[in-house]
1. If only one of Val127, Val99, Val112 is surrounded by 22 or more Cβ atoms within 10 Å (Cβ to Cβ) and under 19 Å from Thr242 (Cα atoms), which one is it?
2. Using the structure shown, decide if Gln142 is surrounded by fewer than 20 Cβ atoms within 10 Å (Cβ to Cβ) and within 16 Å of the ligand (Cβ to nearest atom).
3. Restricting attention to region 244-266, which residues are over 22 Å from Tyr396 (Cβ atoms) and within 16 Å of the ligand (Cβ to nearest atom)?
4. Kindly indicate whether any position in region 163-183 is closer than 21 Å to Ser344 by Cβ, touching a residue at least 60 places away in the same chain (Cβ under 8 Å) and within 16 Å of the ligand (Cβ to nearest atom).
5. If a residue has to be part of a helix (DSSP H, G or I) and either farther than 16 Å from Gly240 by Cα or at pLDDT below 95 (or both) to count, how many in region 68-84 make the cut?
6. Looking at region 25-65 only, could you name the residues that are closer than 23 Å to Gly263 by Cα and surrounded by fewer than 16 Cβ atoms within 10 Å (Cβ to Cβ)?
7. Looking only at region 199-223, which residues are of a type outside the set (D, E, K, R), surrounded by fewer than 22 Cβ atoms within 10 Å (Cβ to Cβ) and in a helix (DSSP H, G or I)?
8. What pairs come out if I take residues in region 25-47 that are farther than 17 Å from Leu405 by Cα and more than 16 Å from the ligand (Cβ to nearest atom) and pair them with residues that are aromatic (Phe, Trp, Tyr) and assigned to a loop (DSSP other than H, G, I, E, B) whose C-beta lies under 8 Å away, six or more apart or interchain?
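The values are calculated or read from the model by the stated rules, or taken from the named source; none is laboratory data. In this text the structure is predicted, and so the values were computed from the model without any measurement. Quick reminder, even Gly has a Cβ in these numbers, built from the backbone with ideal geometry, and neighbours come from all protein chains shown.
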Amino acid sequence: MIHPLPPSAPVQNEDIQAIRAQFPTLHQTVHGKPLIYLDSAATAQKPQAVLDALAHYYQQDNANVHRGAHALAGRATAALEATRECVRQFIHAADGAEVIFTAGATASINLVAATYGQAALQPGDEVLISHMEHHANIVPWQMLCQAKGAQLKVIPINERGELLLAAFSELLTSRTKIVAISYASNTLGTINPIKEMVKQAHAQGAVVVVDAAQAAAHLPINVQELDCDFLAFSAHKAYGPTGVGVLYGKKTLLEAMPPYQGGGEMIREVTLAHTTYNSPPYKFEAGTPNIAGIVAWRAALDFITAIGFPKLQAHEDALLTYAADLLQRIPNVRLIGTAPNKISVLSFVVEGMHHLDVGMLLDAHGIAVRTGHSCTQPLMDFLGIEGVIRASLAAYNTKEDVDRLAEAVEKIVKTHC
Ligand code: 7TS
């Protein structure tokens, strides 16, 4: 079901057990039952290496970055810049200047809307999003369109949860200035054909902003191959700390864009009459960043790289297929998001039961899932439902986790439907 990749050796149970052993949070009981964590699309658990890196930074290196002559400031700055280089490699950006540290995907998308968007849009221009977007990739564009007298247009989807690409081509015109699209949907799991969409958008002169919040933990990202103009994601959904993320932007665009927030770090020279700005990425990094989070993020990137995407995808793909197969056999269960090309997100509804009730009953079994609209209310409206129960799978999940989920759902359905 997942992106085609070079074949890899089947993932052995020992491999998964070795991965699980690195995650302290997973080894606990909830309501007297062993925790089954199936909410990694909301936030992934953190490997010990990330926790160690956070503690090490605060215990040994704590200092502000880019502004002190002393040893600790030097170490903190070097560690922060080392993460920038790791992120650059992780997304295959050409230049570290294209990697801007932010507070996360939401902050990154808002940055683009408030800088590039404010400068580029004229009344009558259009911004194109899709019907499956997370609110973080809808609301900033709505706000921008309102401020600029521009129009928000929406790419429709089908019942399986795939974009209607013919409609996309028709909606793209010379009025389209920005296309903002998720790489993978947080509710449906659908992986969108970004490369092809970028090609079409560029042919009409539009820039493309990719919301890769759900892609970063599951798919290899290559911004040069995609040829996207901007790409955003958070560290915390990909085993890293909360409160940090990245905005990738093409250097030529970043250089031409106005700055975002004013303050320290983003300036070259300030007089009381006039300020000149630093070059990217620092132009967009005003103030003290989340240094500890950025430094520790490196350990999360190393964690993913050590497993490798071919193995990770083979594992998650097998689990997703297994889970979809088990769940769809349960009476009253209907899967939401059945595109063939998916990340390991499995949403479903139980006919005749409220999603919140199902979520609470699963919690009593020690099973953590997301319930509700998953910050995709327009998608819920399209599907004619109020919310879903979403199980999302990560590197540390096992076949047994899926068995426990299916057994619990079956029991709930038998008792309550
Ligand atoms: N875009 C997508 C596709 C997302 O799934 C999310 C968060 C965001 C943007 C925003 O990321 P943040 O780190 O800035 O908050 N998605 C979810 C979710 O599915 N459940 O909780 C948060």
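1. Val99
2. It is true that Gln142 is surrounded by fewer than 20 Cβ atoms within 10 Å (Cβ to Cβ) and within 16 Å of the ligand (Cβ to nearest atom).
3. Listed by number, the residues that qualify are Val246, Leu247, Tyr248, Tyr260.
4. No, region 163-183 has no match at all.
5. Count: 9.
6. Matches in region 25-65: Asn62, Asn64.
7. If the condition is that a residue be of a type outside the set (D, E, K, R), surrounded by fewer than 22 Cβ atoms within 10 Å (Cβ to Cβ) and in a helix (DSSP H, G or I), then Gln200, His202, Ala203 are the ones that fit.
8. Filtered contacts from region 25-47: Pro47/Phe23; Pro47/Tyr239.
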